[in-house]
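Working notes for the structure below.
The values are calculated or read from the model by the stated rules, or taken from the named source; none is laboratory data. Note that this is a predicted model, so its numbers are computed, not measured. Note: ideal-geometry Cβ built from the backbone for every residue, glycine included; neighbour counts use all protein chains shown. Please note that ligands, DNA and RNA were not included when accessible areas were found on the heavy atoms of the full protein model with its side chains. Shrake-Rupley method; radii C 1.70, N 1.55, O 1.52, S 1.80 Å.
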Amino acid sequence: QVQLVESGGGLVQAGGSLRLACAASGSIFRINDMGWYRQAPGKQRELVAAITNGGSTNYADSVKGRFTISRDNAKNTVYLQMNSLKPDDTAVYYCNCNARRTPWSTTLDYWGQGTQVTVSP
């Protein structure tokens with residue numbers, strides 16, 4: 001099994017910054033894409049940012065220029081630096097990875113348990 005453990009959420013005032021981290025552990029042969037999603041109350045889960053194992057990135061329009069995703073392949077860890085936070089960024093943030101446990105395994109999606117980010121006005 002692959003486990004994802006997130007850290008770094010919390011309460012911050014508008015305009016502030018937070019850095020999320022997510023470490024993957026367990027039986028891992030290869031991790032492909034890693035990313036961050038978020039879900040606000042009453043809304044669907046949405047992609048925030050994603051990064052390939054080669055370092056190519058993709059961002060939601062709402063966070064471009066404010067958030068930066070990065071990863072450390074040696075540590076199987078993905079980060080999300082969030083600057084200029086807005087109340088609309090308030091949500092539970094989930095880490096996701098697309099991984100293969102052995103060279104012969106099917107590539108599957110794995111999810112973290114989520115971390116709350118709350119931005120006060």
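Quick look at the numbers
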read-out	value
All positions within the range 33-53 that are within 26 Å of TRP104 (Cα to Cα), modelled with pLDDT of 95 or more and of a type outside the set (Asp, Glu)	MET34, GLY35, ALA50, ILE51, THR52
Residue check for GLN13: loosely packed, with under 14 Cβ neighbours inside 10 Å and farther than 13 Å from ARG71 by Cα	yes
Test: residue in the range 45-63 that is in a loop (DSSP other than H, G, I, E, B), within 17 Å of ASP89 (Cα to Cα) and not aliphatic (A, V, I, L, M)	yes
Residue within the range 25-44 that is part of a strand (DSSP E or B), open to solvent by 60 Å² or more (accessible area, probe 1.4 Å), of a type in the set (S, T, N, Q) and touching a strand residue (DSSP E or B) at 6+ places or on another chain (Cβ under 9 Å) present	yes
Flag for LEU47 being under 10 Å from the mean Cα position of the chain (by Cα) and surrounded by fewer than 18 Cβ atoms within 10 Å (Cβ to Cβ)	yes
Counted residues, the range 65-107 - those being open to solvent by less than 50 Å² (accessible area, probe 1.4 Å), among the charged types (D, E, K, R) and not in a strand (DSSP E or B)	2
Where a residue in the range 42-65 is of a type in the set (Gly, Ala, Ser) and its partner, wherever it lies, is in a helix (DSSP H, G or I) and open to solvent by less than 50 Å² (accessible area, probe 1.4 Å), with Cβ under 7 Å and at least six apart	ALA49/VAL63
Candidate set from the range 108-121 (those that are in contact with a helix residue (DSSP H, G or I) (Cβ under 7 Å, 6 or more places away or on another chain) and β-branched (Val, Ile, Thr)); member that is surrounded by the most Cβ atoms within 10 Å (Cβ to Cβ)	VAL117
